[in-house]
Structure formats: C-alpha cells, structure tokens
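The values are calculated or read from the model by the stated rules, or taken from the named source; none is laboratory data. Just so it is clear, the model here is predicted, and its values are computed rather than measured. Methodologically, a virtual Cβ is constructed for each residue, glycine included, from the backbone with ideal geometry; neighbour enumeration extends over all protein chains shown. Just the protein is used for accessible areas: all its heavy atoms, side chains included, with ligands, DNA and RNA removed. Shrake-Rupley method; radii C 1.70, N 1.55, O 1.52, S 1.80 Å.
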Amino acid sequence: MPLPEFNDAGDLPEGLYQSTIDEVALRFGIGTDRRREVAAHLLRISKLAKATGKLQSLIIFGSFVINKPAPNDVDIVLIMRDDFSLDDCDEESGKLFEHSQAASEFGASIFWIRPALLFLESLDEFIMHWQVKRDGTRRGIVEVKA
C-alpha cells in the first residue's frame with residue numbers, strides 16, 4: 001500500500017504506515033537539495049543499523065515525513081532486537097546509539113530501544129507515541145521493517 005498524501009496541515013494522516021527504506025527515500029527525498037541530503041543520511045543510517053544484524057524496525061517521524069521543503073534532519077527510532085548489545089557494534093555503527101554523535105555524524109536525531117526495556121507500555125504503544133507533535137496533535141509516522 002503506498003504512503004498516503006499529506007493532509008491539510010502538511011502531515012501524513014494520523015497512523016502508522018509500513019514502507020521500505022527505498023520507498024521512503026523516493027517519496028520524501030526529492031524536491032530540494034536538502035531533502036536529497038537528508039534522504040542520503042537516512043539510507044546510510046539504515047544500512048549501518050541493518051549491519052548490526054539486530055535491527056527489528058526503524059520508525060521515521062518529524063519534519064522529513066511532512067511537506068516541509070527543508071527538513072532540519074531526520075528523526076528516527078531504532079527498534080533493536082532484545083539480544084542487541086552496544087559492545088557488538090563497530091566504531092561507525094556505535095555512533096548511531098549515542099544521540100549527540102548521531103546528530104553530528106549523521107544529521108539525525110536518533111533514539112533507540114530494545115522491547116524488553118519497556119515496562120509500562122507495549123511496543124505498539126511506544127511506537128504510537130511518536131505520532132504526537134509538540135502541540136499535542138497527531139501525525140502519521142512510517143515504519144520500515146528490517
């Protein structure tokens with residue numbers, strides 16, 4: 001199923017949309033040089049996260065998946081398998097899991113979790129939380145399964 005069109009607010013309609021990383025890059029990484037640059041960051045991040053062998057899915061939200069011509073960065077939540085360990089990462093992929101390094105190295109705001117670390121909510125509830133914007137309204141987000 002293709003990603004839906006933007007709503008009147010310029011967001012994806014509320015919901016969680018499944019896609020591939022290539023479809024996300026094609027849909028949102030066009031139109032401006034900045035969008036192409038951010039899409040390249042996203043593809044690099046995806047490749048490094050997959051190379052760990054422990055990526056379960058990647059949640060993409062924020063200004064990259066709205067109709068803003070020049071998103072600041074790409075906002076991502078990496079859902080890692082429960083057997084993921086930072087000790088198993090090489091130097092480059094390890095930067096994905098340290099927020100400030102990820103921002104400077106990859107032009108991304110990256111958060112990550114292992115489902116076993118969730119105590120008060122399910123993984124689905126955790127994922128759906130990322131739909132909430134700063135003003136309290138909701139927008140659509142995109143999930144890329146590994």
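Hey, among the residues in region 7-19 that are surrounded by 13 or more Cβ atoms within 10 Å (Cβ to Cβ) and among the small types (Gly, Ala, Ser), which one's nearest to residue 145 (Cα to Cα)?
Per the stated criteria, the residue is 19.
For region 59-72, what are the residues that are open to solvent by less than 70 Å² (accessible area, probe 1.4 Å) and either closer than 14 Å to residue 140 by Cα or acidic (Asp, Glu) (or both)?
Hits for region 59-72 are 59, 60, 61, 62, 63, 64, 65, 66.
Can we say residue 36 is among the basic types (Lys, Arg), surrounded by fewer than 21 Cβ atoms within 10 Å (Cβ to Cβ) and in contact with a helix residue (DSSP H, G or I) (Cβ under 7 Å, 6 or more places away or on another chain)?
Answer is no for this residue.
Conditions first: (1) at pLDDT 95 or above; (2) over 20 Å from residue 17 (Cα atoms). Residue 65 passes all but one, so which condition is the exception?
(2)
Do any strands (runs of 3 or more DSSP E) lying entirely in region 1-82 carry at least 2 residues that are hydrophobic (A, V, I, L, M, F, W, C), and which ones are they?
The qualifying strands (runs of 3 or more DSSP E) are 55-61, 74-80.
If you take the residues of region 39-48 that are within 26 Å of residue 129 (Cβ to Cβ) and without any contact (Cβ under 8 Å) to a residue 60 or more places away in the chain, which of them is most open to solvent (accessible area, probe 1.4 Å)?
Once the filter is applied, the top-ranked residue is 43.
Would you be able to tell me the number of residues in region 99-122 that are over 20 Å from residue 86 (Cα atoms), over 15 Å from the mean Cα position of the chain (by Cα) and open to solvent by less than 60 Å² (accessible area, probe 1.4 Å)?
1
State yes or no: is residue 54 surrounded by fewer than 14 Cβ atoms within 10 Å (Cβ to Cβ), within 17 Å of the chain's Cα centre (by Cα), over 16 Å from residue 141 (Cβ atoms) and not acidic (Asp, Glu)?
Criteria not met by residue 54.
Working carefully through the options 82, 22, 90, 75, find the one that is within 12 Å of the chain's Cα centre (by Cα) and surrounded by fewer than 21 Cβ atoms within 10 Å (Cβ to Cβ).
Just one listed residue meets the conditions, 75.
What number of residues within region 93-146 are under 17 Å from residue 58 (Cβ atoms), of a type in the set (A, V, I, L, M, F, W, C) and assigned to a strand (DSSP E or B)?
8
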